[in-house]
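All remarks here apply to the structure that follows.
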Amino acid sequence: VAGVFRLPIQRIFSKKGFGTVITGVPVTGRIAAGDILQILPGDKKCRVKSMQAYGHPVDEVRAGHSAALNISDVGHDELHRGDVAATPGFFEASNFVEARFRFIPDTSRYMPESLKILKSFMPVKFHAGTKEAEGKIIVLDKPRLLPGEEGFVQFRLEEPVVVAEGDPFIVRIATPTYTIGGGRVVDV
């Protein structure tokens, strides 16, 4: 439960008599009713009116709880899956993510030859928390990655993501749809 509160938003809806509700599983920290959260990317602020963990009302939500937060000051139509609700002032959204990445593509005969070597500027989909962002991968410490190799990479994404050092991620390519690897965030 260490660290400041951070919840990747999984679902958003409006409930009659309550207003905006967000759901997800916090990755760090804890919050209580009355606490103020920042919605990222952006700088929207909201107040936690009430909350549930595993479908039951609670006084506090902690990292690892499946949580629903009833919030004020932000409409459900202003939020998106992949946004992050966090303690204000600690996180920033970025289009650039540096990471340690392991390239593990399907090397079967069905995999196109052009995808069996990872070269810089290959278009990818970056998945972290509940966010999926398209962009390009740049290999930083060698000319390319072969299947099974690890290396330092930078993701240059078309839309900002909110991640922190140590966060796990998965990388896919869109066409054809393949998971090509994953790793941990080093820096944003």
What order, most packed first, do the peptides 129-136, 51-58, 71-78 have when packing is the mean number of other Cβ atoms within 10 Å of each residue? 129-136, 71-78, 51-58
Starting from the Cα of Glu150, step 7 Å along the direction of its Cβ; do the same at Ser94; then give the gap between the two resulting points in nm. 2.0 nm
How far, in nm, would the chain grow between Ser14 and His80 when pulled straight, counting 0.36 nm per residue and subtracting the alpha carbon separation? 22.5 nm
Calculate, in whole percent, how much of the Cα-Cα pair population of the chain lies beyond 26 Å. 38 percent
Read phi for every residue in region 157-163 and hand back ³J(HN,Hα) as whole Hz from Karplus 6.51 cos²θ - 1.76 cosθ + 1.60, θ = phi - 60°, with x for Gly and Pro. 9, 6, 9, x, 10, 10, 9
Under Karplus coefficients 6.51, -1.76 and 1.60, residue-wise ³J(HN,Hα) of region 11-18 in Hz, glycine/proline x: 9, 9, 7, 10, 10, 3, x, 10
Can you figure out the FRET efficiency of Thr175 with Ser72, using R₀ = 45 Å and their beta-carbon distance, to the nearest 0.05? 0.60
Excluding residues on the same chain fewer than 8 positions from Lys125, give the aspartates and glutamates whose Cα lies under 14 Å from its Cα. Glu134, Glu158, Glu159
Can you list residues whose amide H is under 5 Å from Tyr178's amide H, if they're 5+ apart or on another chain and H is modeled 1.01 Å from N? Ile173
Order of 145-157, 32-44 by packing, highest average Cβ count within 10 Å first? 145-157, 32-44
Arrange the residues Ile170, Ile117, Ile180 by how much accessible surface each exposes, largest first, with a 1.4 angstrom probe. Ile170, Ile117, Ile180
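The values are calculated or read from the model by the stated rules, or taken from the named source; none is laboratory data. Quick caveat: nothing in here was measured; it's all calculated off a predicted structure. Counting neighbours? That spans all protein chains shown, and the Cβs are built from the backbone with ideal geometry, glycine included. SASA here: full protein model, heavy atoms, side chains in, ligands and nucleic acids out. Shrake-Rupley method; radii C 1.70, N 1.55, O 1.52, S 1.80 Å.
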